[in-house]
Amino acid sequence: MTTLAEAGTDGGTPLRIDRLGVVIGVLMAVALALPFATFRATRIASGSGLHLFDALPTPMAAVVTVVLAAAIVTAVASQHPTLRLALGALALGALAIGVGVAGAHLTPADNPYARVAPGSGFWVGLFAGAILLTDAMVRLKLGPAGRLMALAAAIALIAALLASGAWSQLSLLAEYRNRADVFWREATTHLLLAAGSLAAAIAIGLPLGILAYELRAVRAPLINVLNVIQTIPSIALFGMLIAPLGWIALHVPGAHALGIRGIGAAPAFLALFLYSLLPMVANTMVGLNGVSRAVVDAARGMGLTGRQRLLQVEMPLALPVILTGIRIVLVQNIGLATVAALIGGGGFGVFLFQGLGQTAADLILLGALPPVALAFAAAIVLDAAIEMTARGKA
């Protein structure tokens, strides 16, 4: 009898078990065993978990089971990156469509207060499928364009599911419908806080980074001060800014008209700006320090002035490292802007903290999922920009 280990000596291909695939397979198997959807009589009632064949019509449940089983086998036993990519994408698609079908299948027509939400099995399966898809893209060594295309495909799929109404019966969408106008207002506020503080950090942090690069005497004190700011917890920093900004609003003519107040967007914006300075200053300084001295000497030998060397030689070569700082700041600020709701700054945190106060899980998700998605998309786009810039300078 030929064993698996001997199969390779008989001219066959030995079975190779993928270690990461085993983890992915275990997660998907757990997803099949856990409740796929949760049904609640009202939005704040305790829910009952329903497994796959209870949450979905039998044909759809069978399709999702077969797709996840195929993904498990592929993850564990196949080293082919294209096949892993296809099964990962198929698993995510099956889960996304399946949870929408569950919402329509389980929601009673005569009970407008009932809520159907994705269960723990859905979230675990989604996590496992995302790992399989990411692993396949790493194995395929997708370049920046490939990763951007994958992101565009994911956004297109989500947009198609939302536009088609496939998820319309899910409780998360019910929470959104009840707050659609407020949602987009807070989304705009969130983006303005994150992007505006980033723009201010670029405007101030780049010159400070150049100054720290040029003057060694300034470098250590500046970095030490920014390090101290970075160690202050976000809620504490928001609170510390309330008193001075409130005083300015009361005593400085025109400050209140400009939106400067003790609570609201002003302290949130200032706190995010202060947190952004260290990555910007440090990455600017590190990027400039990393420029080859031979290149700088060659530019000096060509007769370029100090300013010309900085703008035409050193800054372009340091751009990938500076962009890395911008990436860190943007992803950081998208997350931190959520906390701004605690001091009236608005943003997606409004829904998150309302949900915590009302014990409404879907309202919490309405405030938590958009910042996660935005941070993830921003990281992919800026990583691609960094890689393309680095290749252009190579």
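Per-residue SASA remark: TRP184, around 150 Å² accessible (1.4 Å probe; ligands, DNA and RNA not included). Using a simple spin-label model with pseudo-atoms 7 Å out from Cα toward Cβ, ALA69 and PHE376 lie 2.8 nm apart. The distance from the alpha carbon centre of the range 337-358 to that of the range 228-292 is 19 Å, rounded to a whole number.
Over the range 110-160, what per residue volume does the convex hull of the Cα atoms give, in whole Å³?
Enclosed volume per residue, from the Cα hull, is 92 Å³.
Mean Kyte-Doolittle hydropathy of 0.0 or higher plus an axial Cα length of 18 Å or more: which whole DSSP H helices in the chain meet both? Mind showing how you got there, number by number?
Details: long enough: 19-33 (22 Å, 2.31); 58-77 (28 Å, 2.21); 81-106 (37 Å, 1.54); 120-140 (30 Å, 1.40); 144-164 (30 Å, 1.85); 180-214 (50 Å, 1.08); 216-231 (23 Å, 0.69); 234-251 (26 Å, 1.75); 265-289 (36 Å, 1.45); 315-336 (30 Å, 1.69); 361-393 (47 Å, 1.33).
Span-like helices here: 19-33, 58-77, 81-106, 120-140, 144-164, 180-214, 216-231, 234-251, 265-289, 315-336, 361-393.
Extent along the principal axes, Cα only, for the range 123-270: 54, 44, 25 Å, with the longest axis given first. At a probe radius of 1.4 angstrom, the accessible area of the chain per residue rounds to 50 square angstrom. In the range 180-392, taking the dipole from charged Cβ atoms about the Cα centre, the farthest positive-side position among GLY303, ALA361, THR188 is held by GLY303.
Here the range 158-219 is described by how far its Cα atoms reach on the three principal axes: 62, 22, 15 Å, from widest to narrowest.
For the range 20-135, the equivalent ellipsoid built from the Cα gyration tensor has semi-axes of 29, 12, 10 Å, listed from largest to smallest. Computed over the Cα atoms of the range 228-300, the ratio of the radius of gyration to the Kirkwood radius (Rg/Rh) comes to 1.27. The distance linking the range 95-128 with the range 129-159 is 25 Å (Cα centroid to Cα centroid, whole angstrom). The value obtained for the range 98-207, namely the Cα convex hull volume divided by the number of residues, is 158 Å³ per residue. In the complete set of protein chains, residue-level accessible area for ILE263 is approximately 110 Å², probe 1.4 angstrom. The Cβ shell under 13 Å around LEU206 holds other residues with a net charge of -2, Lys and Arg each +1, Asp and Glu each -1.
Expressed as a whole percentage, what fraction of the accessible surface of the chain belongs to carbon and sulfur atoms when a 1.4 Å probe is rolled over the protein heavy atoms?
72 percent
Both numbers refer to the Cα atoms of the range 180-392; Rg and Dmax are 19.8, 68 Å. Only protein heavy atoms count here; under a 1.4 Å probe, ILE97 has an accessible surface of about 80 Å².
For the chain, the antiparallel share of DSSP beta bridges with both residues in that region comes to about 90%.
Ranking MET28, MET302 from most to least accessible surface, computed with a 1.4 Å probe over the protein chains only, gives MET302, MET28. Test of understanding: in a Gaussian network model of the chain with alpha carbons linked when under 10 Å, which of ALA180, ALA340, ALA375 would top the mean-square fluctuation ranking? Checking each option, the largest mean-square fluctuation is seen for ALA180. For the chain, adding -39500 (n - 2.57) for each run of n ≥ 4 DSSP H residues and dividing by the number of residues yields -25000 deg cm²/dmol at 222 nm.
Annotation: Cα Rg of the chain relative to the compact-globule expectation 2.2 N^0.38 Å equals 1.22. Packing, taken as the mean count of other beta carbons within 10 Å per residue, orders the peptides 290-297, 193-200 from highest to lowest as 193-200, 290-297.
The values are calculated or read from the model by the stated rules, or taken from the named source; none is laboratory data. No experiment lies behind these values; they were computed from the predicted model shown. Glycine also receives a Cβ, built like all others from the backbone with ideal geometry; neighbour counts cover every protein chain displayed. Please note that ligands, DNA and RNA were not included when accessible areas were found on the heavy atoms of the full protein model with its side chains. Shrake-Rupley method; radii C 1.70, N 1.55, O 1.52, S 1.80 Å.
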